[in-house]
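These notes are about the structure you will find just below.
The values are calculated or read from the model by the stated rules, or taken from the named source; none is laboratory data. Quick caveat: nothing in here was measured; it's all calculated off a predicted structure. Cβ: placed from backbone, ideal geometry, glycine included. Neighbour counts: every protein chain shown.
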Amino acid sequence: MEALKNAAAKVVGTKQVLRALKAATAVRAYVANDADTFLFQRIVTAAEAAGVPVTRVASMKDLGVACGVDVAAAAAAIVK
């Protein structure tokens, strides 16, 4: 999580993370354990296909705070 907090470039949100994984610009993906199961699986599957490591985060609220946004986030990624 410290890497995500200190990252110069990151994307927040499921759509943005999936887009980054598809474009091969994501370095590491983060997904919240309490995210919707369908979204959780989509992120994990896409990350495995792209060869990007996935880190699980305790909650969507914690992930949002780490990203510096005022709302909960289901997924985030560090990008190149």
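Where residues in segment 1-25 are under 12 Å from Ala75 (Cα atoms) and of a type in the set (Gly, Ala, Ser), which of them is nearest to the chain's Cα centre (by Cα)? That would be Gly13. For segment 11-59, a residue qualifies if it is in a loop (DSSP other than H, G, I, E, B), out of contact with any strand residue (DSSP E or B) (no Cβ under 6 Å at 6 or more places or on another chain) and among the aliphatic types (A, V, I, L, M), and the qualifying residues are Ala23, Ala24, Ala35, Ala58. Restricting segment 44-65 to residues that are farther than 16 Å from Ala26 by Cβ and either touching an Asp or Glu at 6+ places or on another chain (Cβ under 9 Å) or of a type in the set (Val, Ile, Thr) (or both), which is surrounded by the fewest Cβ atoms within 10 Å (Cβ to Cβ)? Once the filter is applied, the top-ranked residue is Ala58.
What do you reckon, is Gln41 out of contact with any helix residue (DSSP H, G or I) (no Cβ under 6 Å at 6 or more places or on another chain), crowded, with 17+ Cβ neighbours inside 10 Å, at pLDDT 95 or above and not hydroxyl-bearing (Ser, Thr, Tyr)? When the stated conditions are applied, Gln41 does not pass them. Sub-6 Å Cβ pairs linking a first residue in segment 43-70 that is closer than 15 Å to Lys22 by Cα to a second residue that is of a type in the set (Lys, Arg) and at pLDDT 95 or above, at least 6 apart or interchain, are Pro53/Arg28, ordered by first then second residue.
Ala8 fulfils the conditions (1) outside any helix (DSSP H, G or I); (2) within 15 Å of Val65 (Cβ to Cβ) except for a single criterion, (2). On the basis of being touching a residue at least 60 places away in the same chain (Cβ under 8 Å) and touching a Cys at 6+ places or on another chain (Cβ under 9 Å), does Lys5 make the cut? When the stated conditions are applied, Lys5 passes them.
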